[in-house]
Each structure stands twice: as C-alpha cells, then as structure tokens.
Amino acid sequence: MNKKILIATSILAALLIGAACTQTRTVKSQADTVKQALEQADLKDVTVSDDADKNTITLGGTLHSDDAKGRAGEIAKQAAPERTIANEISVQPVGDELQAKAVASNLDDGIENNYKAALISKRLDKLSIHYKAKNGVLTLSGGVKNPQQKSEAELLASKVPNVQQVVNQLQVKR
C-alpha cells in the first residue's frame, strides 16, 4: 500500500514539475518573441526584460526618435498582447545625446516630484505607494487598501505633466 502511495505521489510531483517548466518556457518565449520582433524591425538597440510576476515586459535602451520608440512599443504589444509593455526607451537624437539624457533625467525628477505633490493633495501620501519615473514612464508599486485607491493613484499619475505611460503594479492589501 505504501509503495502505491509513493508511486502516485512521485507521478504527481513529476507532472507538477513538468507543468511548471512548460509555464516558464512560455513566459521566456514571450520575451524572446518580443526581442525577435524588434530585431526584425531593425530595432536591435532595444533591450527587453521580463518580470513574469508582474506580467510586465520592459523595453529599454536608446533610440534616436520618438517615432522609433513608439514603433518599438507597438511591435512589443503585438508580439505579447497579454502582457503590460513598459516602454522605457530613451530617445536621444543624433548629435544631442548628452543634452537629451540630461533633459530626460530632469523630466523624470519633475514627474516624481509632481506625483508626490499630487499624492499629498489627495491625502494618499500615507499609503505604501512607491513610484519611479524613467524616460516618461511612471511605475507605481507597493500596496493600497482598496481598488478605489489603486484606481485613484493611477488616475493621478496619468495627469502628471510629461508622463507618457503609467504602469500600475500596486497591490490591494486585504
């Protein structure tokens, strides 16, 4: 009897491990699919990172125009439609790379400061809302007490000047 239980448990464990490996391969293949699609579109300078836990694929690197950045975001959305695409690509026109980098950094600082002020004005600053701006993408993380606070935090973020995209990774604490 004990042998049958041991064999059944072993088979169940093997099936679960196999399923987990298949799921991991699927997640990795989505990031690989995005990277391959970007390379086919001659956007080889774009980096692709994957956060499966947050269902987010982040695009990084440097391109020379806003149009190229937008095109990279669209290609990524088509390649992984069920994932959130955070388009953190830096736009640095040829010949103005250093100035563009400094401007982007200052804009990101301004976005963070303006968002902080917005949270204070709506009395949401005491919640565990963390935020980081990178190349116009404002990513929200941490936790809130209810879905309304999550929605309100995202709406506030979308109204901050110079925010191009909001990635809302806030968790509702039960």
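No lab work stands behind these numbers, since they all come straight from the coordinates. As the structure is a prediction and not an experimental result, all values here were calculated from the model. Cβ atoms come from the backbone with ideal geometry, glycine included; neighbour counts cover every protein chain shown.
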Which of the trypsin sites (Lys or Arg not before Pro) found in segment 55-122 are loop residues per DSSP with 15 or fewer other Cβ atoms within 10 Å of their Cβ?
Lys122
Answer rounded, prolate or oblate for segment 34-174, using the Cα gyration tensor with square roots of eigenvalues a ≥ b ≥ c: rounded when a/c is under 1.5, else prolate when a/b is larger than b/c, else oblate.
oblate
How large is the direction-averaged shadow of the alpha-carbon convex hull of segment 97-174, in nm²?
4.7
Take the alpha-carbon positions of segment 133-173, form their convex hull, and give its projected area averaged over all directions (one quarter of the hull surface) in nm².
2.5
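If you take the beta carbon distance between Gln36 and Val94 as r and set R0 to 30 Å, what does 1/(1 + (r/R0)^6) give as a FRET efficiency, to the nearest 0.05? Intermediate values should be presented prior to the final figure.
On the way: r = 26 Å, r/R0 = 0.87.
Efficiency, rounded to the nearest 0.05: 0.70.
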